[in-house]
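The values are calculated or read from the model by the stated rules, or taken from the named source; none is laboratory data. Computed from a prediction, not measured in an experiment: that's the story for all the values here. Note: ideal-geometry Cβ built from the backbone for every residue, glycine included; neighbour counts use all protein chains shown.
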Amino acid sequence: MGSLRIAHRLEGLPPYVPGRRPEAGETRRQARLASNEVPWPPQAAIVDAMKDALEHAHRYPDMQYAELRDAIAAHVGRPSDRIAVANGSTALLRDIVGVLVEAGSEVIFAEPSFPYYRTAAIANSAVPIAVPLLAYAHDLDAMRGAITPRTRVVIICNPNNPTGTAYTNAELKEFLARVPEDVAVILDEAYVEFARDVNGLELMDDHPNVIVVRTLSKAHGLAGLRVGYAIGDSEVMSYVSRLGVPFRIDGVAVAGALAALTPEQVAESRRRVASIVEERAVLTTALRSRGWNVVESAANFVFLPLGESTASVAAECAAGGVLVRPIGGGIRVTVGSPQDTEHLLGALPVLANEPPR
């Protein structure tokens with residue numbers, strides 16, 4: 001690379017590895033269960049709104065995203081000045097950390113969890129502190145014990161990606177009561193719509209240091225649009241918006257998001273979520289009946305701990321036309337359609353799972 005030098009803090013930074021996509025030229029049916037996408041395309045009204053927006057593609061969108069933030073405010077029942085938006089919740093996680101840390105500050109998160117938390121810390125010159133999961137869930141006691149005077153942010157993925165475990169509000173209240181008020185607790189709720197008794201918004205009044213991050217990619221089925229939002233302290237959200245790249249969400253994505261947040265489309269999304277939750281139960285029961293160890297999930301995926309068998313089982317699934325995600329010592333399998341479930345069950349090899357713990 002010549003004489004250019006990479007910043008020392010980035011040395012060895014692993015790239016983000018997405019779920020596998022079908023290879024170019026693959027023509028057989030693929031069950032795409034590696035990226036936690038919903039199995040349906042956007043509703044017709046959302047597509048129509050995006051098509052209409054294309055006629056104005058020569059214009060910049062409103063950089064403050066006032067209409068979108070107002071729509072999200074109405075959707076979540078919080079004032080719009082407490083909301084920031086970005087091209088995906090991942091960008092928000094990076095910028096929230098950037099607003100809150102100084103060089104050398106600590107960011108605590110669980111592992112295995114969403115891999116980008118480590119990147120968000122390092123990109124902002126903070127020190128990543130990974131706390132191992134306990135029984136596939138966040139070890140809240142250990143995370144509290146990891147807090148030092150240098151800690152500025154704790155991130156909790158709830159439900160957790162990739163294991164699917166979730167904490168109820170009652171359980172999180174006990175944890176939050178033990179966290180210093182000047183330490184931000186980011187609740188990454190990308191999969192909250194698929195869970196029960198999980199809603200970080202209800203914790204914010206008693207705990208102003210809580211920031212909730214959500215997305216339209218999962219339950220609303222807009223993964224290709226990349227629209228995420230955060231709810232938190234108004235001053236923090238103001239700085240998050242300032243730190244973000246100008247015009248970070250394109251006008252077509254804004255139009256799709258606004259259409260998705262209308263009452264009619266939200267109702268349809270909830271119906272789709274309910275069907276995924278039902279299929280999750282069907283898939284879990286079917287896998288367990290075949291002897292597989294499946295972690296109880298509150299998300300739109302299930303996790304099978306496999307240890308050393310992870311890569312070989314994922315490869316056998318791929319050979320059978322089912323794309324799953326090897327991660328965190330197991331495979332994460334998106335809950336798709338009933339046809340996807342049948343395809344997966346047909347592709348899974350002979351039992352190769354670790355015994356239940």
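Side notes on the structure shown:
- Conditions (1) surrounded by fewer than 22 Cβ atoms within 10 Å (Cβ to Cβ); (2) in the same structural domain as F114 (by TED's automatic domain parsing); (3) touching a residue at least 12 places away in the same chain (Cβ under 8 Å); (4) of a type in the set (D, E, K, R); number of the one not met by E189: (1)
- Taken over segment 199-241, the criterion of being farther than 26 Å from A253 by Cα, touching a helix residue (DSSP H, G or I) at 6+ places or on another chain (Cβ under 6 Å) and not aliphatic (A, V, I, L, M) is satisfied by E202, H207.
- Segment 5-21, residues that are surrounded by 14 or more Cβ atoms within 10 Å (Cβ to Cβ) and either touching a strand residue (DSSP E or B) at 6+ places or on another chain (Cβ under 7 Å) or at pLDDT below 80 (or both): G19, R20
- Every residue from segment 174-205 that is under 29 Å from S269 (Cβ atoms), more than 16 Å from the chain's Cα centre (by Cα) and of a type in the set (D, E, K, R): R196, D197, E202, D205
- Some residue of segment 44-59 being part of a loop (DSSP other than H, G, I, E, B), surrounded by 15 or more Cβ atoms within 10 Å (Cβ to Cβ) and in contact with a helix residue (DSSP H, G or I) (Cβ under 8 Å, 6 or more places away or on another chain): no
- Among the residues of segment 98-116, the one identified as among the aromatic types (F, W, Y) and under 14 Å from T151 (Cβ atoms) is F109.
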